[in-house]
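**Q** Quick one: the structure is below, questions incoming.
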Amino acid sequence: MKLLRLLGASALLSAAPLGAALSVQSAFLPNAEVALYSDAAAVNATPFGAEMKKLQDVFKNLAKTGGADASKLMDDTFLKELGLEEKDVISFAGSFKGIESVMQGGKPEVALALQLGKKIDGAKLMELIKKQLAESAPEATVTEITVGTSKVYAIKPSKQDAEAPDFHVFVSSDLPKTLVLAGTPEGLKAAMANDKGAVGANLKAPLAQHGTPQMWLSVVLPEAVKAQLAAATAGNPMGPGSNQFGTAQSLALSATCGTDLKVKLSVDFAKPEAASLAKTMLETMVIPMAKMQLADPQTGAAPSWTNGLSVASVGNTAVFTIAMTSKDVEGLVATAMKQAGAAPAGEDEAPVPAPVKPAPSKSAPAKPAPVKPAPAPKADAAK
């Protein structure tokens, strides 16, 4: 897990206490259009989470088959050098505001929060960040400044990376459990003042059909995006009634872990007819086609996890659900690894021996037997 990759190209780190009232939910900006949350500690405490811990070697091996970039996603060296383990990452939250502004070339407001289960050493953190910058952005500058009464490290990207978003990061080294707040300048400012942080009502609504997931993403579509959807689906491009898909208002994605894993994707439409149509298309076209594409060419059987696919429509909302056991996840990963040309961890196949060519004989080759000429035909008897 790379802190700079998570928090952006430019950062401002502070060793000052953040205030006891601030929490990971301080990252939920008022009137945000996108919000996400992950309760890693809650996931790890479930039976499914425990099973996933056992499969970490499999996942890391899969990441290696995806190349250097994929391997970095599973790299926990940064955590280890800070004296942290994966279990010390308690929760994460974030929000985004300004989709329409970005569409018009402007900048968004972003806020992020990371709750750790241990105190981290600010000096050690800076040492590691400088090391990473030396490798990935040698032209970046690190400057120690003072903001108020706090010592602050300002990290600026190179001039060639002028389009990189400015991110400000505050890390308290005085709290027994470190809370990291980060974001764009305005986003972080709002988060720092958000000591009663909570998910906005507009972003809670899309999660109405998701229960109490440990991980979720909620998106409310701004008017400009809805107008683009309506234009793209005008004329029923996917068949009669498909223009109703252009009436999408919001969407949500979640994962709930217990004994098994349940992933839900929901879309809220302007009218119930659109949700009903989405359900019908998924049930009669998308799911059967997916099972056919994923079927074993030898047996014709679809993977077991496809049995957990289901669709429902509730009022204006269409809900697509995937229910998977840990064995289903393991099988899915193994299939992906097989397609990538690698065997799962602990299941390396024995190499197929190369065909053995007979050794050349040291003795002289046997001479072929002489071929006797065929006898000449006898002359015919005298007439």
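Laboratory data are not the source of any read-out in this text; all were calculated from the coordinates shown. Just so we're clear, the structure is a prediction, and the values are computed from it rather than from any experiment. Don't worry about glycine lacking a Cβ; one is built from the backbone with ideal geometry, like all the others, and counts go over all protein chains shown.
**Q** How would you order 32-43, 207-218, 305-316 from highest to lowest mean count of nearby Cβ atoms within 10 Å?
**A** Sorting 32-43, 207-218, 305-316 by mean packing, highest first, produces 32-43, 207-218, 305-316.
**Q** Say the cut-off is 29 Å between C-alpha atoms; which of K196/K327; K53/K118; K97/K264 go over it?
**A** K196/K327
**Q** Which order do the peptides 278-287, 93-102 take when ranked by the mean count of other beta-carbon atoms within 10 Å per residue, highest first?
**A** Values: 278-287: 16.4, 93-102: 20.1.
With the highest mean Cβ count within 10 Å placed first, the list reads 93-102, 278-287.
**Q** Going down the table (K189/K271; K54/K119; K54/K226), which pairs top 32 Å between alpha carbons?
**A** K189/K271; K54/K226
**Q** Using the beta-carbon distance between K271 and T325 and R0 = 35 Å, what value does 1/(1 + (r/R0)^6) give for FRET efficiency, to the nearest 0.05?
**A** Details: r = 36 Å, r/R0 = 1.03.
Computed FRET efficiency for K271 and T325 comes out at 0.45.
**Q** Between N236 and K54, what is the label-point separation in nm under the 7 Å Cα-to-beta-carbon projection?
**A** Those two pseudo-labels are separated by 5.2 nm.
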